[in-house]
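The values are calculated or read from the model by the stated rules, or taken from the named source; none is laboratory data. Given the structure is predicted, the values throughout are model-derived calculations rather than measurements. Cβ atoms come from the backbone with ideal geometry, glycine included; neighbour counts cover every protein chain shown. These area figures cover heavy atoms from the full protein model, side chains too; ligands, DNA and RNA do not enter into them. Shrake-Rupley method; radii C 1.70, N 1.55, O 1.52, S 1.80 Å.
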Amino acid sequence: MKKPFVTKEQIEEIAKSYPTPFHIYDEEGIRENARRLKAAFAWNKGFREYFAVKATPNPFIMKVLQEEGCGFDCSSYTELLLSDEVGAKEHDIMFSSNATPDIDFKKAFELGAIINLDDFTHIDILDKLTGIPETICCRYNPGGEFRTDGSPNVMDTPSDAKYGFTHEQIIDGYRILKEKGAKKFGMHAFLASNTLTNDYYPTLARIMFRIAVEIKEKTGVQLSFINLSGGVGIAYKPDQSQNDIAVIGKKVREAYEEILVPAGMGDVAIFTELGRFMLAPYGMLIAKAIREKHIYKEYIGLDACAANLMRPAIYGAYHHITVLGRENSPCDHKYDITGGLCENCDKFAVDRMLPKIEIGDYIAIHDTGAHGFSMGYNYNGKLRSAELLLRGDGSVKLIRRAETPEDYFATFYFAKGKFDL
Ligand SMILES: *Cc1c(COP(=O)(O)O)cnc(C)c1O
């Protein structure tokens, strides 16, 4: 059973100040989860989570994670600005980008962020732009197929992915970076997304640990950190079982002790760059049922749409739905739950069995805390919603106001707040 972290009564109260739709985040849930992750990797002295900012780029959420000891993983100029604004300093920031513009590299360098090079050619590009910083990271792509040890298997095809250095390139890369004066080295890889198995990180870690040993043998470069990046998933469906981060941490430790320690590399720090795992379960999109329609199927129309949460529309992703106040009613009605975009894919759920919905009911769409609000857009002139933070004491803080038509028009105002058609 998936249980919302708010009740109907709480939402009725909140909606008096902040009309639906909005995304709401559970601060306590975020903190407790961040602590579980930290505890799972406490065996590793240098362990650090660099929250993937793209998942939930809100400075108030970032502040909460910063208080829990997290750094930030940025992928663009503006995300770098956000991290700077939150007070992240130098190695508190990882910069993992691809097809990276010059100004992004310059900004990352200026902030003293750890730059994670996506490609062999970026070595020369960065060298010409800013010089090679003392600390540098390379992204690895092993090619071929990736399959987790154990079962259930997760598979992906790194050879089709645009990211990273090949095996040969990364070995040359470290050699060249060393010649150019780099002193501290890291390696990064991201081989599968939203994995639902405790074996993803351990399998990835084994691949990376082995190549770290090979790099040391072939180039004399001893890595200071290995970044396992993102990809630990969450159970979007109620019948799926959650990953157990304590088990994941323990299995990575086994690989570490088996491969790195005997190679004299027992001081390598482990970094993670989780986004979804850190935030997804601790955010919900709250909307109101505003229309119903009975044609060939039964439809409930919400005041939210795919512009507020596009995962169902673009990937057919499942997001669990609770009709607030009807948690204990039988799910004996089959609905398509839709938004109002002029796109037939604008459905939060298709053929979903739910309790009978009345107009005015509040609908909680679960697990929208990561890659939810952040993927939003303005199609059909729809405006982005507010974001709210539910605190431990039950109070609610506005952490982003809803957009207004003025925000939408702002990019047409070239001079003095008016059109010049
Ligand atoms: C998207 C991304 C992440 C976070 O991925 P999740 O699946 O949200 O954990 C981490 N690192 C990089 C480089 C990414 O692109």
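Among the residues of segment 182-211 satisfying the criterion of being closer than 16 Å to Asn116 by Cα and away from the ligand (no atom under 16 Å from the Cβ), which is surrounded by the most Cβ atoms within 10 Å (Cβ to Cβ)? Before the answer, list the steps.
First, the residues of segment 182-211 that are closer than 16 Å to Asn116 by Cα: 182-191, 208.
Okay, now just the ones that are also away from the ligand (no atom under 16 Å from the Cβ), so 182-185.
Working: Ala182: 18, Lys183: 12, Lys184: 16, Phe185: 22.
Result: Phe185.
Among helices (runs of 4 or more DSSP H) entirely within segment 59-122, having at least 2 residues that are out of contact with any helix residue (DSSP H, G or I) (no Cβ under 7 Å at 6 or more places or on another chain), more than 14 Å from the ligand (Cβ to nearest atom) and more than 23 Å from Lys184 (Cα to Cα) singles out 59-67, 77-85.
Quick grid of which residues meet (1) touching an Asp or Glu at 6+ places or on another chain (Cβ under 9 Å); (2) away from the ligand (no atom under 16 Å from the Cβ); (3) part of a loop (DSSP other than H, G, I, E, B); (4) over 21 Å from Phe22 (Cα atoms):
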{"position": "Gly230", "(1), (2), (3), (4)": "yes, no, yes, yes"}
{"position": "Ser241", "(1), (2), (3), (4)": "no, yes, yes, yes"}
{"position": "Gly249", "(1), (2), (3), (4)": "no, no, no, yes"}
{"position": "Val261", "(1), (2), (3), (4)": "no, yes, no, yes"}
{"position": "Gly266", "(1), (2), (3), (4)": "yes, yes, yes, yes"}
{"position": "Met278", "(1), (2), (3), (4)": "yes, no, no, no"}
{"position": "Met284", "(1), (2), (3), (4)": "yes, yes, no, no"}
{"position": "Ala307", "(1), (2), (3), (4)": "yes, yes, yes, no"}
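Scanning segment 189-208 for residues that are out of contact with any Ser or Thr (no Cβ under 6 Å at 6 or more places or on another chain) and under 14 Å from Asn141 (Cβ atoms) yields Ala189, Leu191, Ala192, Leu204, Ile207, Met208. Return yes when Ala34 is surrounded by fewer than 19 Cβ atoms within 10 Å (Cβ to Cβ), modelled with pLDDT of 95 or more and either at positive phi or in a helix (DSSP H, G or I) (or both) and no when it is not. Spelling it out, it is not the case that Ala34 is surrounded by fewer than 19 Cβ atoms within 10 Å (Cβ to Cβ), modelled with pLDDT of 95 or more and either at positive phi or in a helix (DSSP H, G or I) (or both). Would you pick out the residues in segment 1-28 that are under 28 Å from Phe190 (Cβ atoms), modelled with pLDDT of 95 or more and open to solvent by 10 Å² or more (accessible area, probe 1.4 Å)? The answer is Asp26, Glu27. Thr404 satisfies every condition listed in (1) in contact with a Gly (Cβ under 9 Å, 6 or more places away or on another chain); (2) modelled with pLDDT of 95 or more except (1). Within segment 346-375, the set of residues being within 20 Å of Glu403 (Cα to Cα) and aliphatic (A, V, I, L, M) comprises Ala370, Met375.
For segment 217-230, a residue qualifies if it is crowded, with 24+ Cβ neighbours inside 10 Å and of a type in the set (Gly, Ala, Ser), and the qualifying residues are Ser229, Gly230.
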